[in-house]
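What follows is calculated from the coordinates using simple rules that are stated; it is not laboratory data. From a predicted model like this one, the values you see are computed outputs, not experimental measurements. Positions of Cβ are backbone-derived with ideal geometry, glycine not excepted, and every protein chain shown enters the neighbour counts.
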Amino acid sequence: MCKILITGFEPFGDYAENSSWEAVKKVASFGVFNADIATECLPVSFVRAPMTLREAIDRHTPDVVIMLGQSATADCIKLERVALNMMDSAMGDNDGAKPDEEPIDEDGATALFTSLPIKILRSAIEAKGINVKISNSAGLYVCNRAYYEALRMCKERGAMQAIFVHLPLYEGQTSPHRDKKNMPLGDMCRAIQTIIEEII
Ligand code: PCA
């Protein structure tokens, strides 16, 4: 049976909830996909997120890691193709860290790419009538930092694959900003289930 680790993030910034963790909980509650599903909530911390992820991967030894994060500026599901070797944040993470164009790994690759068939995943999600696009930048904040760690571990481990998916706010999520787009949580979950089905 395919072992899948699904990660989301704790709340950060102006938001009391994180749509990614809400989606993880809901998807996990559906159970059975012909897959062995484990979940992990990552801290929004440049230092602790990759550590927590590494521990979770060592513990669960997944075949595939599906990572979810909230992007309040997203208007649809965003399949992230690449993680960049850089950290930058004026806002700061949940520990108050504000890296200023710092490399993640001085000796590491400039960019790491997912080896999952991202266009096939996009088509499968589109076929369900859910808005989705491929993105070529996961930003320079904690999601990108965690994604870089996952893709680095994929290289180390050989067989493991990973993908990062940014989610908009979910419909009904409390937001201090009125202009933000949202999506029904059920649609986000169907998109994640579709990714799982395609992977299996
Ligand atoms: N989104 C942030 C970090 C945690 C999250 O859910 C990001 O896009 O980097």
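Once the chain from K128 to D75 is taken as fully extended at 0.36 nm per residue, the excess over their C-alpha distance is 17.4 nm.
When S123, S89 are arranged by Cβ crowding within 10 Å, least crowded first, meaning fewest neighbours, the order is S123, S89. Residues F12, F113, F46, arranged from fewest to most other Cβ atoms within 10 angstrom of their Cβ, appear as F113, F12, F46. Amide H contacts for L42 (H built 1.01 Å from N in the peptide plane; partners 5 or more residues away or on another chain; cut-off under 5 Å): G8, F9, E10. Taking 7 Å steps out from each Cα toward its Cβ at R54 and N34 produces label points 3.6 nm apart.
Close amide H partners of K3, meaning residues 5 or more places away or on another chain with modelled amide H under 5 Å apart, are D36, D63, V64. As a rough footprinting exposure proxy, the listed residues Y148, Y15 were ranked by other beta carbons within 10 Å of their own, and the order from fewest upward is Y15, Y148.
For the range 78-200, evaluate the Debye formula with one uniform point scatterer on each Cα (no solvent term) and list log10 I(q)/I(0) at q = 0.10, 0.17, 0.22 Å⁻¹, rounded to two decimals. Taking Cα atoms of the range 78-200 as identical point scatterers yields -0.37, -0.98, -1.27. Simple point charges give the picture: +1 on the Cβ of Lys and Arg, -1 on the Cβ of Asp and Glu, and for the range 4-112 a dipole about the Cα centre of about 500 debye.
For the range 3-8, putting each phi into the Karplus relation 6.51 cos²θ - 1.76 cosθ + 1.60 with θ = phi - 60° gives couplings of 9, 10, 9, 10, 10, x Hz, in residue order, rounded to whole numbers and with x for Gly and Pro.
Annotation: average projected area of the range 135-187 is 5.2 square nanometres, based on the convex hull of Cα atoms across all directions.
Quick one: grab the alpha carbon gyration tensor of the range 1-57, order the square roots of its eigenvalues as a ≥ b ≥ c, and give me rounded if a/c is under 1.5, else prolate or oblate depending on whether a/b is larger than b/c. Oblate. Once you sort the root eigenvalues of the Cα gyration tensor of the range 57-106 as a ≥ b ≥ c, which label holds: rounded (a/c under 1.5), prolate (a/b larger than b/c) or oblate (the other case)? Verdict is oblate for the range 57-106. Remark: the range 97-106, residue by residue, has Karplus-estimated 3J(HN,Hα) of 6, 10, x, 10, 6, 8, x, 6, 9, 3 Hz, where x stands for each Gly or Pro and the curve is 6.51 cos²θ - 1.76 cosθ + 1.60 at θ = phi - 60°.
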